[in-house]
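The structure under discussion appears below in the form of structure tokens.
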Amino acid sequence: MPTRTTRPRVSDATTVIRARHRARSRRRAIRVTVIVAAVVLVLGGMWAVWLSNWFVARSVDVTGTSQISAEQIVATAQVPLGTPLARVDLEAIRERVIQEPVVADAKVSRELSGVIRIDVTERAPAYAIVTGSQVMLVDATGKGYLLLDSLPEPLPIVTIANPGTDASQRLMADAAVIITALPDSVRSQMLSMGAQTPDTFTINLTSGAQILWGSCDDSALKAQVIDGLIHVPASYYDVSAPTHPATR
């Protein structure tokens, strides 16, 4: 029998090659389309956020205030209303807000609705100093931050020498350390505290008794000592040397 010779299917191979080429071209076109679309979306988003009037600062919302009005915070914040949200300098707003003496800290954020939100943390009063006809609230760091005509709440009254001087700043800070350390057994009876020098802090109780605290050094230990000693009937308690307390 004659041998049959198989001839290469050139046309079939060509068809496969062309199909693969078309597939590669389609995939390349899809990739290019996707990239172009992504670039357009990014540029469009940047325009909308940075330049358009779609997302601008429209209002200010203040929370956390009680010793200062929200209106005063808004005035101090100087939020540039009408500015695209992304261009509003939140840190600059915060820096302005914390310049208010009553403000201990603030957090500023933006919302897509156009609201600039300012969350204020106010200073908490630890005691008060009488200055003329007014009282100054002082926080736990010894910073005087607010003058009022009267106390908004019961607070210990502290009298220090030469208020307003550099030396008084030391006394104010020391007084804050002592008051923060006081046990409830003393705090509940405390009427006032005074000092002429950093070593002469004296606490006056509602009973008429006095506590010589001395300096603010070792206040935690002194607090432990007076917490036990205060139950001993006496008119004078000396914990200035906490390892050798005395009463009379």
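The values are calculated or read from the model by the stated rules, or taken from the named source; none is laboratory data. Since this is a predicted model, take the numbers as computed values, not measurements. No Cβ is skipped: glycine too gets one built from the backbone with ideal geometry, and neighbour counts run over all protein chains shown. When the accessible area is computed, the model is the full protein with side chains, heavy atoms only, and any ligands, DNA or RNA have been set aside. Shrake-Rupley method; radii C 1.70, N 1.55, O 1.52, S 1.80 Å.
What is the helix-to-structure angle for 219-229, meaning the angle in degrees between its Cα long axis and the longest Cα principal axis of the chain, kept from 0 to 90 and rounded to the nearest 10? Approximately 50 degrees, to the nearest ten. Annotation: per residue accessible area for segment 56-181 equals 49 Å², rounded to a whole number [probe 1.4 Å, protein chains only]. Using a simple spin-label model with pseudo-atoms 7 Å out from Cα toward Cβ, VAL34 and GLU71 lie 5.7 nm apart. A cut-off of 5 Å between modelled amide H atoms, ignoring neighbours fewer than 5 places along the same chain, links TYR127 with VAL138. Residue-wise HN-Hα couplings along segment 202-217, as the Karplus relation 6.51 cos²θ - 1.76 cosθ + 1.60 with θ = phi - 60° gives them from phi, are 10, 9, 9, 9, 4, 6, x, 6, 10, 10, 8, 8, x, 8, 7, 4 Hz; Gly and Pro carry x. Taking label positions 7 Å along the Cα-Cβ direction at both ASP184 and THR159, the computed distance is 3.0 nm, reported to one decimal. In segment 197-248, the alpha-carbon atoms span a convex hull of 71 Å³ per residue.
The string of couplings for segment 121-132 from the Karplus curve (6.51, -1.76, 1.60, θ = phi - 60°) is 10, 7, 5, 9, x, 9, 7, 10, 10, 7, 10, x Hz, one whole number per residue in order, with x for Gly and Pro.
List the relative contact order of segment 134-248 as a percent without decimals, with contacts defined as Cα pairs under 8 Å and 6+ residues apart. About 18 percent, as a whole number. For VAL60, the residues 5 or more places off, or on other chains, whose built amide H falls under 5 Å of its own are ILE116. Expressed to the nearest 5 percent, the antiparallel share of DSSP beta bridges inside segment 124-248 is 70 percent.
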